Every structure is written in C-alpha cells, then in structure tokens.
1. Compute the relative contact order of the range 301-418 as a whole-number percentage, counting only Cα pairs closer than 8 Å that sit 6 or more residues apart in sequence.
2. What are the lysines whose alpha-carbon lies under 27 Å from the alpha-carbon of Lys12, with same-chain residues fewer than 8 places away excluded?
3. Using Cα atoms only, what is the angle between the long axis of helix 347-361 and the major principal axis of the chain, expressed in degrees (0 to 90) to the nearest 10?
4. Would you mind getting the accessible area per residue of the chain, heavy atoms of the protein chains only, 1.4 Å probe, in Å²?
5. Tell me, in nm to one decimal, what length is gained between Ala283 and Phe258 on full extension, where the rule is 0.36 nm per residue of separation less the Cα-Cα distance?
6. Could you tell me the accessible area of Val157 in Å² (1.4 Å probe, neighbours in place), rounded to the nearest ten?
7. Which is farthest toward the positive dipole end of the chain among Ser67, Ala159, Ser297, measuring Cα position about the Cα centre, with Cβ charges +1 (Lys, Arg) and -1 (Asp, Glu)?
8. Just how large is the dipole of the chain about the Cα centre, in debye to the nearest 20, putting +1 at every Lys and Arg Cβ and -1 at every Asp and Glu Cβ?
Amino acid sequence: MTTQPTSGDTPKGAWTITFLLFLYMVVNFADKIVVGLAGVPIKTELGLTQEQFGTLGASFFLLFAISGVVVGFIVNSVQTRWVLLVLAVIWALAQFPMIGSVSFATLLICRIALGAGEGPAFSVAAHAIYKWFPDEKRTLPTAILSQGSAFGVILAVPALNWIIVNHSWHHAFGALGIVGLLWAVAWFALGKEGPLVPTAAVAASETKIPYWKLLTSRTFVGCVISTFGAYWALSLGLTWFTSFIIEGLGFSQQQAGFVSILPWIFGATIVLLTGWISQLMLARGFTTRGARGVLGSVPLIIGGCILATLPYVAPGGLMIALLVIGSGLCGSIYVVCPPMLGEFTPVSQRGAVIAIYGALYTISGLLAPMVMGNVIQHAGTPMAGYMTGFSINAAIMACSGVIGLLLLWPNTERARLTGEPAVQPKFA
C-alpha cells in the first residue's frame, strides 16, 4: 500500500516537477513575446497598420479565456500530466505554419490556435504543482512557476532577436516550434502526477461549495480585478514594448531586443521577492490577508502611480526606467492569487476555479493591445499615442490594486462560505 504524505510533507520529486513546469512557462512566454519582438518587421513585410497589429496582438487572446475555463473543468477529473502534454504539442504545431510566407489571415489563425492552447497553461500548471506541496509551502513554488514568464522572455529575446536580425522573423517561429516539441518529449518521459490529492473516501466526504458562491466571493472577485490590471500591463509589454522602443524612442531592432529584456529582469526580481517574503511572513504567523492580499495588491498601486509620470519626462533613459519599474511591479499579484484561491476552494473544484480566474483576468489581454493600437493610430504622433496608452495602463493598474487591497481577505473566506469558524493566526 502506498503511503500518502502528510499535509506538512513535501513529496520526493516535487522540485523536479516544479523545474519542468518552470520550463513549461518559459516556453509559454517565449511563444507569447515573439510577435511583439518581431512587430516592426512583421508590420513592414505585411504592410499592417497600427490597428491591424493591435488586432494581431489581441487575436492570441480570442479563445484564451474560453479554453482556460473548459480545460479547468477537465482537470478536475483528468490527470494534469496528460493535459499539460497535449497543450504543449498544440503550442508547437501552431508555430510551424509561420516558417514560410504567410498572409495576415494565416498569422491571425495561428495566433488564435496558439492562444487556445496556452489559455489554460498557468492555471493547469499551478493546479499540478499544488498536488506536490501543502498549502503553507505553495507560495515559493508558485513564484518559481510565475518566474517562467520572466525567464521565457529573458532567455528567448536575445536568441529570437538574433534569428530575426540575421535570418528572418519566420525562422524565429520555427525555432519555438522545435523547442515546444522538445519540452513535450521531456515531460512525457519525466512528468508525474502529484500524490497530495484526496483519497476517494476523503473526496466523497469533502464539503463542496456551490460554484456561484466561490465565483462571487470577495477574494475571488478581488483576485480577478487586481490581476486584470496587472495583465493589462503584461499584454502591452508582450505586444507593444519593442515597437515603442523602436518607433517611439528611435532604437534599432538589435538594440531594442536588449532593452526589451529589462522589464522582465526587474519583474523576475519582484516575483521572487514576493514569494520569499510571503512565505517568510506566513512562517512568522501573519495572516494570508497580509502575507498574500496586501503584499500582492500594494505594488500594483505603486506601479500605476509610477507609470502615470511617463508623459511628464523626456524620452530616453528615465522614461525606460519608469516604464520598467512601473510595469514590473505588477508581477507580485501573480504569485499570491492562486494560493489565495486554493485556501478556500475544495480540492475537487480547485482546477476549475483557478482556470476561471485565469480566463477572466486574461480578458485584458484581448483588450489592451487593441486599445493601444487604436490610440496610436488616431494620435497626432506615435509618441503621443504611446503616452496616452501608457496613461490608460497606469489608471487601470492603480485602480485594480486599490480594489484588490479592499477585497482580498482569503484567511476568512472559507469561514464566510461554509459557516466554519475562521482560524485565528498570531498577526492580523
């Protein structure tokens, strides 16, 4: 008979799975960044307007949310190891049509297909990791998983930009397809399902909470709204940052590739610090309200305020620094929201709830690139358009952070939903 680890144990192999899923998110974000990185060559070759390029950036998110919800319910009953494998294969296959000459329509279709495959990625990966770590030890692995986004950009941008400059943007897509297939092979060989799942008897006795209660709880709503604001900034970074560096500030494609890494290096630092500080605060007896809710939402407010100063500084190094710091601070919220949802969601419903959360906040990924493209298209100058777009981003970030600060109370959420007494920790 296999012995189930106790709730406080971390099973053997947990960190190996965490590393593999970190690489999974590296590939995920390399796939996302390539269109933004190659934005100017793509617009030049295909003769796209700013609005059309904004539509291309947004097309990735057309089925993103829908597939996230559908797959979220699937992983309630299907092992995550097989779902993750299928998703990775879809990513890889969606890249190969771009190797040759393509039309705008073909590029749109492939990005829509890629978005459908990548929509559930983070939610499924987080659900998979939570089968390897008990609740009090989940913040750090969640931070590492989130770091895959930053490292996906940090590692991919120099390599992909070199391919774009020395060969073509078509070959950059092909390289990503090959990398995706390599990860799928590694996961097929090494990927496993975590043992920290309830037995059939425990699952049967687990108190289910109606989905409408879970999805209207204030912490769920707070997580969606606060991450919506963070993802607005992230999706602008994925689609428009490199174009801004070239068209707004006059850098070359090669120079812009190096500058494009900076927000992700800073964001990676924020994510790791948030995970480490959150876990340290929990170990010292702070509530998850403080160690997760406040810690995740306050940087959004600060970041929005920093971005609001962009129109008032001269183009150049200071503007880049403000953009890097302001947008990079939003990374804190990704670390804390999935663990907060996991606190009060029954295990048998967790996959769907985290997926629905992901589907809702990533709607901003559909809106933000199109809004920026529309604003630039109708502005007097490209720079004026970019400044207006970043000002909209600043307002959305700051407001979402304030709402998160007001609504994120995970430590008492389960008690409110079930009527059970709340656990009183050392610090409020």
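1. 41 percent
2. Excluding near neighbours in sequence, the set is Lys131, Lys137, Lys192.
3. That works out to roughly 20 degrees.
4. Accessible surface, normalised per residue, equals 38 Å².
5. On the way: separation 25, 0.36 × 25 = 9.00 nm, distance 3.85 nm.
Full extension from Ala283 to Phe258 adds 5.2 nm.
6. It works out to around 0 Å².
7. The one lying farthest along the dipole's positive direction is Ser297.
8. Details: 19 positive and 13 negative charges, 159 e Å.
Roughly 760 debye, rounded to the nearest 20.
The values are calculated or read from the model by the stated rules, or taken from the named source; none is laboratory data. What you see is a predicted model, and the numbers here were worked out from it, not measured in a lab. All Cβ positions, glycine included, derive from the backbone under ideal geometry; neighbour counts span all protein chains shown. Surface areas here come from the heavy atoms of the whole protein model, side chains and all, with no ligands, DNA or RNA. Shrake-Rupley method; radii C 1.70, N 1.55, O 1.52, S 1.80 Å.
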